[in-house]
1. Under 27 Å from residue 74 (Cα atoms), within 16 Å of the ligand (Cβ to nearest atom) and part of a helix (DSSP H, G or I) - does that describe any residue in the stretch 139-147?
2. List pairs: first in the stretch 306-331 and assigned to a helix (DSSP H, G or I), second within 16 Å of the ligand (Cβ to nearest atom), Cβ under 6 Å, 6+ apart or cross-chain?
3. Return the residues of the stretch 87-118 that are crowded, with 24+ Cβ neighbours inside 10 Å, more than 16 Å from the ligand (Cβ to nearest atom) and within 10 Å of residue 148 (Cα to Cα); say none if nothing qualifies.
4. Which of the residues that make up the stretch 84-105 are closer than 24 Å to residue 156 by Cβ and out of contact with any strand residue (DSSP E or B) (no Cβ under 9 Å at 6 or more places or on another chain)?
5. Being outside any helix (DSSP H, G or I) and either within 13 Å of the ligand (Cβ to nearest atom) or surrounded by fewer than 24 Cβ atoms within 10 Å (Cβ to Cβ) (or both) is the filter here, so list the residues in the stretch 334-353 that pass it.
6. Among (1) under 20 Å from residue 109 (Cβ atoms); (2) in contact (Cβ under 8 Å) with a residue 24 or more places away in the chain; (3) away from the ligand (no atom under 16 Å from the Cβ), where does residue 60 come up short?
7. Among the residues of the stretch 31-45, which ones are within 17 Å of residue 115 (Cα to Cα) and either within 16 Å of the ligand (Cβ to nearest atom) or in a loop (DSSP other than H, G, I, E, B) (or both)?
8. For the subset of the stretch 354-375 comprising residues that are buried (at least 23 other Cβ atoms within 10 Å of the Cβ) and within 18 Å of residue 137 (Cα to Cα), which member is nearest to the ligand (Cβ to nearest atom)?
Ligand code: GAL
């Protein structure tokens with residue numbers, strides 16, 4: 001709740017201050033294209049990601065045979081390269097016709113800058129308010145207006161392992177219940193010459209950070225990190241950050257993998273015992289690697305986060321300066337459609353943002369993933385939002401956290417890191 005309150009207040013103020021010139025179609029200077037094509041920007045190029053996008057493009061083409069799909073995807077997990085390129089394009093007024101963003105505060109900067117159009121009318125004409133969960137719409141609603149269409153729900157707080165590796169090591173074939181338990185098991189794994197925890201580039205380190213903090217602080221403490229009610233420099237967070245530092249010591253942080261797929265490869269090969277990664281890893285392991293869940297690999301909530309769902313949602317926007325607005329709206333309709341979501345998500349390793357997806361399509365890990373997501377509605381599972389994937393912090397604060405985390409990885413100075421994050425929250429909110 002606190003998160004949303006912070007988001008709403010900040011965003012409502014931003015809206016009032018800049019009066020959002022791009023919110024009205026009359027006020028922007030986009031358009032001008034002939035709508036025979038639509039350029040869609042994402043970061044889904046890698047194994048395990050592009051298959052989902054390809055499936056949705058195929059569905060789009062059957063519905064829109066006269067619109068050419070221009071795939072402007074830029075490689076790099078979590079948009080690590082794409083986001084900077086997108087930023088430049090948006091600043092230069094060279095917007096694609098639609099681009100990927102996460103639901104939540106990641107949209108805040110774009111709205112402040114007038115880069116995205118209000119698409120509330122599309123929600124009304126498509127009847128989307130009835131098919132997307134109310135709590136998800138809250139993350140996409142700013143000052144009563146909607147700015148993006150959610151295509152999926154991903155889960156961040158998952159830990160993956162290869163049961164054979166743990167069996168060979170004589171370790172229980174399960175995810176440790178707490179990070180303290182992980183540290184005990186990790187010592188044994190290290191002693192056997194294996195990497196206890198595989199890690200990759202900066203964003204995967206932030207992904208790990210959020211889930212260690214969640215496991216150590218629980219939902220209330222974690223939520224408070226993002227709305228100012230949990231003190232970053234207080235004793236609980238200091239202790240949790242200390243645990244994070246210890247966990248990193250049992251990772252291959254000195255020679256991290258280049259991205260999340262090679263990081264997962266270390267678990268597959270048995271070089272590493274565990275990896276914390278979102279459920280897009282399932283699509284990679286079962287699709288690209290041809291592995292079977294529960295046999296070749298296993299997954300559970302990361303330590304200390306049972307029955308908590310750390311969510312993120314990939315969403316598509318209508319840029320104020322999109323050249324082909326009608327074609328862009330056709331893409332947004334695809335992203336929000338039942339057939340589009342049911343084509344995309346089983347291949348992407350996510351569950352549909354819509355509540356009326358065909359449950360029979362979500363098998364293996366995704367069956368449990370869907371049950372857990374649905375559990376957030378009846379209260380049996382608690383809902384929190386991801387830091388590394390744009391839900392709980394705007395881009396400005398997230399970038400500052402990246403800088404501070406980079407330094408922390410070098411010097412391990414908990415107090416300095418916490419103080420920097422706290423100060424930057426005040427400066428960027
Ligand atoms: C997330 C994104 C996912 C997946 C992941 C790894 O930010 O929401 O769809 O692409 O990055 O690249």
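Every number here is computed from the coordinates shown, using simple stated rules; none is lab data. The shown structure was predicted, so the numbers you read here are calculated from the model rather than taken from an experiment. Cβ: placed from backbone, ideal geometry, glycine included. Neighbour counts: every protein chain shown.
1. Scanning the stretch 139-147 turns up at least one residue that is under 27 Å from residue 74 (Cα atoms), within 16 Å of the ligand (Cβ to nearest atom) and part of a helix (DSSP H, G or I).
2. 328/98; 331/40; 331/98
3. Scanning the stretch 87-118 gives 116, 117.
4. If the condition is that a residue be closer than 24 Å to residue 156 by Cβ and out of contact with any strand residue (DSSP E or B) (no Cβ under 9 Å at 6 or more places or on another chain), then 84, 87 are the ones that fit.
5. Listed by number, the residues that qualify are 337, 349, 350, 351, 353.
6. With (1) under 20 Å from residue 109 (Cβ atoms); (2) in contact (Cβ under 8 Å) with a residue 24 or more places away in the chain; (3) away from the ligand (no atom under 16 Å from the Cβ) applied to residue 60, the lone miss is (1).
7. Of the residues in the stretch 31-45, the ones within 17 Å of residue 115 (Cα to Cα) are 31-32, 39-42.
Hits for the stretch 31-45 are 31, 32, 40, 41, 42.
8. By that ranking, first place goes to 373.
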